[in-house]
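Here's the structure we're looking at; comments come further down.
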Amino acid sequence: MISAVIDRLASVETVSMAKDAGDYVVAERVRKIFNPGGRHEVEAVAPTSFTVKSGEFVSLLGPSGCGKSTLLMMVAGLDRPSEGTVAVAGRPMIAPRAENGIMFQDPTLLPWKSALENVLFPYRAMNKPVAPHIDRAKALLDEVGLAGFHNHKPRQLSGGMRQRVAICRALVFEPDLLLMDEPFSALDAITRDEMNLALMKIWEEHHRTALFVTHSIREAVYLSDRVLVMSQRPGRVIADVKIPFARPRGLEIEESAAFNEICGYLRSKIQHRPV
Amino acid sequence: MTSPSSSLPRPGGGVGVIADGGGAPVALLEAGESRRVAPPPSRITAPPPPGRGREANAIVDRLRAAILPTAFALALLLAWQALVVIFQYPKVVLPAPSDIWHALVANFGTICQQAVPTTRDTLAGFLLATVLGVGIASLLCFSRLLRDMVYPLVILLQLVPKIAWTPLFIVWAGIGSPARLTIATFIAFFPIFISMMAGLEATDSSLVRLSRSLTATTWRTFWLVRLPASMPYLFSGLKIGVTLAVIGVIVAEFISSSEGLGYLILKSSALLQTDLILAAIVALCLLGVGFYGIVHAGERAIQRWQGE
């Protein structure tokens with residue numbers, strides 16, 4: 001099983017052009033320093049490079065505070081790298097891009113709007129007509145098991161239901177890249193399993209390129225085609241591990257020896273802070 | 001926990017509570033309910049079977065909330081009346097509630113007539129303060145530079161007792177309605193502006209980030225996220241603002257005016273018509289309740305509009 005594991009530490013050479021025709025996200029020696037020159041200067045991300053192929057589900061896995069969320073925010077165009085570049089679909093990310101669907105750690109729903117209105121929010125934000133997409137939004141909500149909850153307000157929904165509304169919102173405008181920043185980390189273990197199943201099912205149906213940030217090894221292995229392990233802060237990608245399980249995946253693969261072997265390997269790669 | 005029945009009402013152990021307008025819990029949802037749970041809407045909106053007792057309780061609570069203060073007020077009025085009757089206070093010093101009532105009835109025409117300019121100036125001043133407060137706060141929300149320039153100054157200005165400016169406004173705007181309107185605007189502006197500012201700045205930054213990630217323009221984000229999120233703040237400011245606007249107008253009428261309820265109070269005190277002073281105060285009290293009611297109705301309307 002270890003043979004399926006490939007460490008790839010060499011950096012990519014070209015910037016604006018994709019290294020490989022299939023590379024959708026190309027991060028090129030990206031570095032992030034907060035408060036540069038200031039007293040509280042922090043290097044959050046050390047110069048690091050990675051790629052995500054079109055249609056691939058990739059996880060960024062690392063200890064908390066390792067800069068993985070910062071890295072994702074730079075891919076989302078919400079944060080500018082201090083050095084290096086991020087390119088998505090061959091274009092450098094200098095501002096948020098309309099074809100990115102994004103999920104945060106919190107559902108981030110408008111509390112005064114219904115579940116359906118929240119799913120339709122991207123159209124409102126982009127100042128596009130909403131009416132033609134209502135049916136699709138409803139179908140998505142039904143798909144994640146929220147039929148009958150279309151008109152409920154976020155406060156009337158449980159944590160897991162709210163995050164499902166957020167999944168629908170990230171998918172409704174058919175983004176080609178799905179960016180997820182520890183979307184399930186605030187949920188309890190059982191809900192989290194359910195959310196992983198829900199995400200897997202919906203991802204297999206819609207099949208977008210996805211970049212998923214997590215600090216859960218099992219979650220990363222269960223969901224991903226590839227797992228990128230990040231080092232302690234300043235974070236950089238220190239291992240690139242292929243996950244060989246066929247899709248569709250059920251939760252039962254988590255019981256397999258291969259699964260646990262990969263988890264063990266990833267765990268050995270994660271550097272823990274000296275106690 | 002993963003069974004489809006987990007979204008049914010369950011005693012205890014619920015995380016989210018679905019409540020209808022009346023506040024009665026309709027269904028309890030577990031954080032860990034199954035993703036396959038899709039109960040028909042009827043199951044969610046139907047009232048719980050043992051809801052009758054709850055409804056009865058709600059009615060009792062509402063009656064209690066209405067009866068208790070009313071009864072207490074009546075008791076106070078009765079005690080007041082008894083005090084005046086027993087100790088034979090002169091009417092000039094302390095008129096009995098019955099005297100005030102008589103003054104109110106006898107001078108009803110005058111009071112109504114004097115209430116008109118007071119109401120007009122208060123509402124006009126309040127409306128102007130709302131437009132200015134909301135407008136300036138929104139403007140500062142768009143420009144960091146402008147905000148850092150203007151906001152500290154407004155806070156500083158707000159520390160000065162606003163009433164102290166009244167004579168100055170009369171010098172500037174004359175002794176007519178414009179001066180009173182200016183004072184009402186000035187005094188009501190600060191709570192409205194500051195609460196609007198607080199509301200805009202307290203907007204959940206992750207919502208703003210989400211909006212930005214969806215390539216929304218600053219204006220779009222303002223309209224869709226910041227403005228609706230600031231509404232509860234704004235209305236608490238409006239409620240203070242409308243009360244202060246009345247104070248501003250009355251004080252201005254005290255200082256220089258030949259009309260309005262403030263003028264009537266001052267004139268009655270010169271003529272030692274204490275009962276008429278109190279009758280005018282009763283009228284002011286009713287006006288105040290009316291103004292507050294208008295703001296409250298506005299708040300409900302916004303809530304309903306946001307709720308659609």
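At an R0 of 51 angstrom, the distance between the Cβ atoms of B:A173 and A:D176 translates into a FRET efficiency of 0.25.
Across the protein assembly as shown, the fraction of Cα-Cα pairs farther apart than 37 Å, rounded to a whole number, is 52%. What angle, in degrees between 0 and 90 and rounded to the nearest 10, separates the Cα long axis of helix A:189-206 from the longest principal axis of the Cα atoms of chain A? Compared with the principal axis, the helix lies near 90 degrees.
Distance distribution note for segment A:129-245: the fraction of Cα pairs above 23 angstrom is 35%. Taking a straight line from the alpha carbon of A:K128, these lysines sit under 19 Å away, with near neighbours fewer than eight places off in the same chain left out: A:K113, A:K138. GNM remark for chain A: springs join alpha carbons under 10 Å apart, and the peak mean-square fluctuation among A:L199, A:L179, A:L251 falls on A:L251.
With both bridge residues required to lie in the protein assembly as shown, what share of the DSSP beta bridges run antiparallel, to the nearest 5%?
In the protein assembly as shown, approximately 55 percent of DSSP beta bridges are antiparallel ones.
The B:R54 and B:H102 beta-carbon pair, evaluated with R₀ = 60 Å, returns a calculated FRET efficiency of approximately 0.80. Each Lys or Arg adds one and each Asp or Glu subtracts one; over the other residues with Cβ under 9 Å from the Cβ of B:V84, this totals 0. Close amide H contacts of A:I238 (hydrogens built in the peptide plane, cut-off under 5 Å, sequence separation of 5 or more or a different chain): A:V229, A:M230, A:S231. For the residues A:G77, A:G38, A:G22, a GNM of chain A with alpha-carbon springs under 10 Å puts the largest fluctuation on A:G38.
By other beta-carbon atoms within 10 Å, ranking B:I277, B:I294 with the fewest at the front produces B:I294, B:I277.
For segment B:160-175, the Karplus equation 6.51 cos²θ - 1.76 cosθ + 1.60, evaluated at θ = phi - 60°, returns couplings of 6, x, 5, 4, 4, 7, 3, x, 5, 5, 5, 4, 6, 9, x, 9 Hz by residue, with Gly and Pro reported as x.
Computed from the Kirkwood radius of its Cα pairs, the Stokes-Einstein diffusion coefficient for chain A at 10 °C and 1.306 mPa s stands at 82 µm²/s.
Taking a straight Cα-Cα cut-off under 25 Å and skipping sequence neighbours fewer than 8 places away in the same chain, the lysines within cross-link reach of B:K162 are B:K239, B:K267.
With loop membership from DSSP and a limit of 15 other Cβ atoms within 10 Å, the longest segment of chain A without GluC sites (Glu not before Pro) is A:100-275.
Every number in this text was worked out from the coordinates using simple rules, so none of it is lab data. What you see is a predicted model; the values in this text were computed from it and never measured. Glycine gets a Cβ as well: all are built from the backbone with ideal geometry, and neighbour counts include every protein chain shown.
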